[in-house]
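A.B. asks: Mind looking over this structure? Questions follow.
The values are calculated or read from the model by the stated rules, or taken from the named source; none is laboratory data. Keep in mind that this is a model prediction, so the values were computed, not measured. Positions of Cβ are backbone-derived with ideal geometry, glycine not excepted, and every protein chain shown enters the neighbour counts. Side chains are part of the model used for accessible areas, which takes the heavy atoms of the whole protein and leaves out ligands, DNA and RNA. Shrake-Rupley method; radii C 1.70, N 1.55, O 1.52, S 1.80 Å.
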Amino acid sequence: MPAKLRNMFEQLTSIRNSVYVLSKRKSFKYGVPFILFVVGGSFVLREWTQIRYQFSQVKGVSKAEAEKMGLNKAKDVTLEGTYDEIQKLDIDNWENKRGPRPWEPDTQPKKT
């Protein structure tokens, strides 16, 4: 084995042993992930706040513009109107339908 290759192999072995010894220490085992989490979290929060301020300048759509786009609000929903609709429902005649379980095979074809 040439001397240069042997020297490189010894350096790699020494680095591997150093990393192995460091990985056994609690400060390295728990401290490095904590520091990475804190530093990475600051970058993520910076991006989120940038998005927040970027979209805070976006203006809403007026009712006339919404109607032009086809977003018409047909009626106002009130509590009393919703209560009347619920009162008209027939809650005495119903059928219990069991949903499929993930662990059971599909025995019935799906209806489309």
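A.B. asks: If you check Gln57 against the conditions, is it among the polar types (S, T, N, Q) and either part of a helix (DSSP H, G or I) or touching a Leu at 6+ places or on another chain (Cβ under 8 Å) (or both)?
C.D. replies: So Gln57 does not fit the description; no.
A.B. asks: Look at Gln87 and say whether it is open to solvent by 100 Å² or more (accessible area, probe 1.4 Å), assigned to a helix (DSSP H, G or I), among the polar types (S, T, N, Q) and without any contact (Cβ under 8 Å) to a residue 60 or more places away in the chain.
C.D. replies: Criteria met by Gln87.
A.B. asks: Please go through (1) acidic (Asp, Glu); (2) at pLDDT below 85; (3) under 20 Å from the mean Cα position of the chain (by Cα) for Glu67 and return the number of the only condition it doesn't satisfy.
C.D. replies: Status for Glu67: all satisfied but (3).
A.B. asks: Another question about this same structure. How about the range 13-54: which of its residues are in a helix (DSSP H, G or I) and among the charged types (D, E, K, R)?
C.D. replies: Arg16, Lys26, Lys29, Arg46, Glu47, Arg52
A.B. asks: Could we say that Lys97 is exposed (fewer than 10 other Cβ atoms within 10 Å of the Cβ), of a type in the set (D, E, K, R) and part of a helix (DSSP H, G or I) here?
C.D. replies: No; evaluated as a whole, the condition is false for this residue.
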